[in-house]
Amino acid sequence: MALEHLGSSLYQALRKVFKASVVDEATVKELVRDIQRALLQADVNVKLVLDISKRMEERALNEKVPPGVSRREHVVKVVYEELTRFLGEKSVPIKMEPGKRQVIMLVGIQGSGKTTQTAKLARYFQKRGFKPALICVDTYRPGAYAQLQQLAARINVPTYGDLKSKDPVKTAIEGLKQFPDKDIILIDTAGRHKEEQELIKEMKMLEKHIKPDEVMLVIDGTIGQQAMVQAKAFHEATPIGAILVTKLDGSARGGGALSAVAATGAPIKFVGTGEKIEDIEPFVPSRFVGRLLGMGDLETLLEKVHEAEIKVPEKKAKAILSGKFTLTDMYQQFEAVKGMGTFRKLLKMLPGMSYNIPEDMLNTAEDRLENWRVMIQSMTPSERDNPKIFNASRIRRVAKGSGTSDKEVKELLKQYMLMRRMFKTLRRKKKLPFFGKGMPLDFKQQ
Ligand code: GDP
Ligand code: MG
């Protein structure tokens, strides 16, 4: 869906925090700037963006980090919480009481997606064991009832409509009589309105006569922050109103629509995420933010942070620095990293070390990881442990065995040598205590 774009830019912003070797004021400021940019691109209102970024920065920099929690985790948690808060504090489910029939009326301007959502909601409740029925009171548009019938037939849900009627209230009341044994009745209305005020007027009239348990305003998410006007007028007009934002799949402005609606205080109950009848889901801000970021929830997000903070066993680190750095080590290190920046951390956590592997080298490694794996697998154990023995015929053999080229194998060996040399230089420069004695033979030979 189109919100994916917002999701991925937010995730990219957070990833920098995962990967940063230290999380300090500069990291937080950069994160906040990245988030601002991502939200503005999703058409979120400028004032809202400034609001949320101010709060994030304030909290991330000034809040006391509880014991046992790293600064990094805290920052990620603040971002998650603030994004959630910004989309509406809590979710508000539809109250379904056993034995009591719920009547939900859908209103909204033409083309917002009322008819489609009426069917989607029926499907949603049907799947959860309820018995829905649909009523069409769109007495203006010819073909409106047929559209609803068609959708309902696919999911086997009964419908009521009256093609001859010009009176939506009468049709609704007649319809309600038809389904005494159903437990959720969804009423699809007309909405020819171009303006909010007209829409509100008709909604009030219908509400007064039909007395639904809930009125749901369907808002087209592609209108972005314009949704504010509709949501506000609606929220002020009815105490039993909830909002359904549709077409979040179709537009990059969905973030703008959602946040604008949430800002009015009107509860968003469902979101429509596609044209198919299954494409609807209850709106739970915290879950939504988690999904937007590509994780389930805060827990999963924090797990990711933990992974990024993965500890490299000190023994291993020392072995590598003392010269015993084989191709297998290199591969394992890069695999453990898989984009998380652990390798950088490995270097940072070594005593006295503040060296960075050139970004280029890491990027190359991450791109070619899969190739490396098969090449290294095609090597003999002694080749892996002591790549110096490689000659042209060994290179050819590995290339053949792994379905790569001589050039690629040479490239891998070159990368290995580069890293090895780097470790060597580090050792000389830093004169770390454990380098002095017991240097492995193969290192001395170089
Ligand atoms: P109504 O005039 O308010 O009843 O709107 P309709 O239900 O007839 O929908 C108008 C158009 O929007 C139709 O082409 C639907 O297929 C489309 N639509 C509805 N919901 C969604 C959604 O969540 N995503 C997308 N992409 N299209 C939708
Ligand atoms: Mg319709």
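Every number in this text was worked out from the coordinates using simple rules, so none of it is lab data. Just so it is clear, the model here is predicted, and its values are computed rather than measured. Cβ atoms come from the backbone with ideal geometry, glycine included; neighbour counts cover every protein chain shown.
Quick notes on this structure:
- Virtual spin-label span in nm between Arg154 and Asn391, 7 Å along Cα→Cβ: 6.9
- Which listed pairs, of Lys47/Lys114; Lys54/Lys95; Lys95/Lys127, have C-alpha distances above 27 Å, in listed order: Lys47/Lys114; Lys54/Lys95
- Amide hydrogen proximity for Gly88: with H placed 1.01 Å from N in the peptide plane, no residue at 5 or more positions away or on another chain lies under 5 Å.
- Virtual spin-label span in nm between Glu195 and Lys276, 7 Å along Cα→Cβ: 4.1
- Working ranking of peptides 391-397, 215-221 by packing, defined as the average number of other Cβ atoms within 10 Å per residue, highest first, is 215-221, 391-397.
- Partners for Lys388 among aspartates and glutamates (Cα-Cα distance below 18 Å; same-chain residues under 8 apart left out): Asp329, Asp406, Glu408, Glu411, Asp442
- Seen from Ala26, the other residues with C-beta closer than 15 Å to its C-beta sum to a net charge of +1, counting Lys and Arg as +1 and Asp and Glu as -1.
- If R0 equals 22 Å, the separation of the Cβ atoms of His5 and Glu370 corresponds to a calculated FRET efficiency of about 0.25.
- Model label points for Asp406 and Val65, set 7 angstrom from Cα along the Cα-to-Cβ axis, are 5.2 nm apart.
- Amide H contacts of Thr159 (H built 1.01 Å from N, under 5 Å, at least 5 apart or other chain): Leu134
- Separation of alpha-carbon centers, segment 151-179 and segment 127-149, rounded to whole Å: 6
- Gyration tensor (alpha-carbon) shape descriptor, segment 2-86, a/c threshold 1.5: prolate
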